[in-house]
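Note sheet for the following structure.
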Amino acid sequence: MSRFFCFILLTLKRLYYIIYYIIKNGAYIVRSNCVAVLDIRSSDVCAIVGERGVNNTFIIKSKYTCSYDGYAEGELLDEKSFVSAVNDVVRSTMSATGGVKSFYVGIPGEFLKLKNVDKVLSFQSAKRISGSDCRLLMDMSVPKPEGGWTNIRHSCLYYVLSDKRKVIEPIGEVSDSLQGKSCFYYCNNAFLNTLAKAFSAFKGISINYIPINYAEAMYLVEAEKRDECAVLFDLGYISSTYSVICGNGLLYSESFSVGVGHLAFLLMTELDIPFEVAQSYLSTVNLNAKEKLSSVEECVYEGKLYAYSAAELRNIIREGLDGICETIEECRQNFTGRNIDNKPLLVTGEGIKVVRGTAEHLAGRLVRNVDLVAPKVPYYDKPHFSSSLSLLDMALKDAK
């Protein structure tokens, strides 16, 4: 009997060391090969730790999400709610991974503004363009500092050589001048201060900032489409963003405080029902359906039955979507840099799949092609993962 107990104790001891080794080395892998990103959406915040997989996919090590009150009109609706949500997902990430040294934080369009700059660098004679020439041109392009805003990132959309050719990568080309169209991304200082407050509870973590609209443009839209100019619309819960993409950056981006959450609010006010019931109806209504006028949608909430005509629900939701379409049209008219009338509207975001038939309704109302875009990876090939995986992709490229 004593030998049996000795065998059990020895086995448990070995098992303990095996588990300890796995946990210890697993945490080390996360710290050395992975990046941590914080996706700030208008309905929740999501912290993801991941690394690059095969064929440009991702290996997700951890993922934590926490809801909060959101933001609108360039301001957080409740700062305490936001700070608490960030603390929650970061603390969970730290516990699950054994600690991370830095976070790449996605900045929503509500807190961003763009500045496009054109500059020309001339040489005494034709020469082969080098990396230092590109850096000098970018240094020449930096705008003057602006109070209340911080430059968090920049990119060059494209370069123009002396023979008028547009190129994305000029290094190695021969030219006697180098012209560059650059974009500088500025974040509101008040929002950066709130982020610093949220991360102050975690010592030793560095923060890097990535504009979400820029990350989505680079990850979701193929280079060939970007070279010819593309239009991307991210439909969120409270806030949505319209962007015009060209080359390796943005020519225009506008965020407005309207999303699918406003469709639920419209149902709530029109039908005098609880907001939770209105949210439930959003996921049951199909705008493409052709039910009979007698068709009824039912919902039970807190023991009470709510029943409304499916046709009436569709009409109210369509009315809300028409308002979003009007804002999209205003953005199109406000952008005068290029003719984008014939460009398809690329749509993505956490709100585009909430109501079935949304993309088709946008296409009919705007009288233009509407194409759904999402990450091209297994399981995560849904529009509501677009912002998170776009951030993860850019963070992994930055970390190289």
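The values are calculated or read from the model by the stated rules, or taken from the named source; none is laboratory data. Every value quoted in this text rests on a predicted model; they were computed, and no experiment measured them. We place every Cβ from the backbone using ideal geometry, glycine too, and count neighbours over all the protein chains shown. With ligands, DNA and RNA removed, areas are computed over all heavy atoms of the protein, side chains included. Shrake-Rupley method; radii C 1.70, N 1.55, O 1.52, S 1.80 Å.
Only one residue in Arg41, Arg31 is modelled with pLDDT under 55 and either open to solvent by 70 Å² or more (accessible area, probe 1.4 Å) or closer than 30 Å to Gly148 by Cα (or both). Which one? Don't jump to the end; show me each part of the working.
Values: Arg41 fails: modelled with pLDDT under 55.
Just a single option satisfies the conditions, and that option is Arg31.
Return yes when Gly109 is buried (at least 17 other Cβ atoms within 10 Å of the Cβ) and within 26 Å of Ser255 (Cβ to Cβ) and no when it is not.
yes
Does Arg365 satisfy the criteria of being in a helix (DSSP H, G or I) and open to solvent by 70 Å² or more (accessible area, probe 1.4 Å)?
Values: in a helix (DSSP H, G or I): yes; open to solvent by 70 Å² or more (accessible area, probe 1.4 Å): yes.
Against the criterion (in a helix (DSSP H, G or I) and open to solvent by 70 Å² or more (accessible area, probe 1.4 Å)), Arg365 qualifies.
Determine the pairs where a residue that is under 12 Å from Asn56 (Cβ atoms), located within the range 374-396, has a partner that is open to solvent by 10 Å² or more (accessible area, probe 1.4 Å) and in a helix (DSSP H, G or I) with Cβ atoms under 6 Å apart, the partner being 6 or more residues away or on another chain.
Close Cβ pairs satisfying both conditions: Pro375/Phe385; Asp393/Tyr219.
Thr269 - would you say it is open to solvent by 80 Å² or more (accessible area, probe 1.4 Å) and hydroxyl-bearing (Ser, Thr, Tyr)?
For Thr269, the condition - open to solvent by 80 Å² or more (accessible area, probe 1.4 Å) and hydroxyl-bearing (Ser, Thr, Tyr) - is not met.
Going through Ser283, Ser294 one at a time, which residue ends up being under 26 Å from the mean Cα position of the chain (by Cα) and among the small types (Gly, Ala, Ser)?
After ruling out the rest, the residue left standing is Ser283.
Select, from Glu329, Glu319, Glu276, Glu297, the only residue that is surrounded by 17 or more Cβ atoms within 10 Å (Cβ to Cβ) and either touching a residue at least 12 places away in the same chain (Cβ under 8 Å) or in a loop (DSSP other than H, G, I, E, B) (or both).
Of Glu329, Glu319, Glu276, Glu297, the one residue that is surrounded by 17 or more Cβ atoms within 10 Å (Cβ to Cβ) and either touching a residue at least 12 places away in the same chain (Cβ under 8 Å) or in a loop (DSSP other than H, G, I, E, B) (or both) is Glu297.
Against the condition under 16 Å from the mean Cα position of the chain (by Cα) and either outside any helix (DSSP H, G or I) or farther than 30 Å from Ala264 by Cβ (or both), how does Phe123 come out, does it pass?
no
Give the range 40-72 a look and list any residue that's out of contact with any Pro (no Cβ under 8 Å at 6 or more places or on another chain) and outside any strand (DSSP E or B), or say none.
Ser43, Gly53, Val54, Asn55, Asn56, Tyr68, Asp69, Gly70
Every residue in the range 216-233 that is open to solvent by less than 30 Å² (accessible area, probe 1.4 Å) and not in a loop (DSSP other than H, G, I, E, B), please.
Of everything in the range 216-233, those that are open to solvent by less than 30 Å² (accessible area, probe 1.4 Å) and not in a loop (DSSP other than H, G, I, E, B) turn out to be Glu216, Ala217, Leu220, Arg226, Ala230, Val231, Leu232, Phe233.
Determine if the range 140-155 includes at least one residue that is farther than 27 Å from Gly109 by Cα and either of a type in the set (A, V, I, L, M, F, W, C) or open to solvent by 20 Å² or more (accessible area, probe 1.4 Å) (or both).
no
How many of the residues making up the range 57-78 are of a type in the set (D, E, K, R), surrounded by fewer than 18 Cβ atoms within 10 Å (Cβ to Cβ) and touching a helix residue (DSSP H, G or I) at 6+ places or on another chain (Cβ under 6 Å)?
Residues flagged as of a type in the set (D, E, K, R), surrounded by fewer than 18 Cβ atoms within 10 Å (Cβ to Cβ) and touching a helix residue (DSSP H, G or I) at 6+ places or on another chain (Cβ under 6 Å) within the range 57-78 amount to 1.
Select from the range 161-186 the residues that are within 18 Å of Asp139 (Cα to Cα), open to solvent by 20 Å² or more (accessible area, probe 1.4 Å) and part of a strand (DSSP E or B) and list them in ascending order.
Ser177, Gln179, Lys181
Could you list, in sequence order, all residues of the range 337-362 that are out of contact with any Ser or Thr (no Cβ under 7 Å at 6 or more places or on another chain) and in a loop (DSSP other than H, G, I, E, B)? Give the steps one after another, and end with the answer.
Residues of the range 337-362 out of contact with any Ser or Thr (no Cβ under 7 Å at 6 or more places or on another chain): 337-347, 351, 353, 355-362.
Of everything in the range 337-362, those that are out of contact with any Ser or Thr (no Cβ under 7 Å at 6 or more places or on another chain) and in a loop (DSSP other than H, G, I, E, B) turn out to be Gly337, Arg338, Asn339, Ile340, Asp341, Asn342, Lys343, Pro344, Gly351, Lys353, Val355, Gly357.
Consider the range 89-106. How many of its residues are farther than 19 Å from Ile212 by Cα, among the hydroxyl-bearing types (Ser, Thr, Tyr) and either open to solvent by 50 Å² or more (accessible area, probe 1.4 Å) or part of a strand (DSSP E or B) (or both)?
Adding up the residues that qualify gives 1.
Within the range 125-139, track down each residue that is open to solvent by 30 Å² or more (accessible area, probe 1.4 Å) and in contact (Cβ under 8 Å) with a residue 24 or more places away in the chain.
Ser125, Ala126, Lys127, Arg128, Ser130
Have a look at Asn213, Asn208 and point out the one that is closer than 26 Å to Pro383 by Cα, in contact (Cβ under 8 Å) with a residue 40 or more places away in the chain and in a helix (DSSP H, G or I).
Checking each option against the conditions leaves just Asn213.
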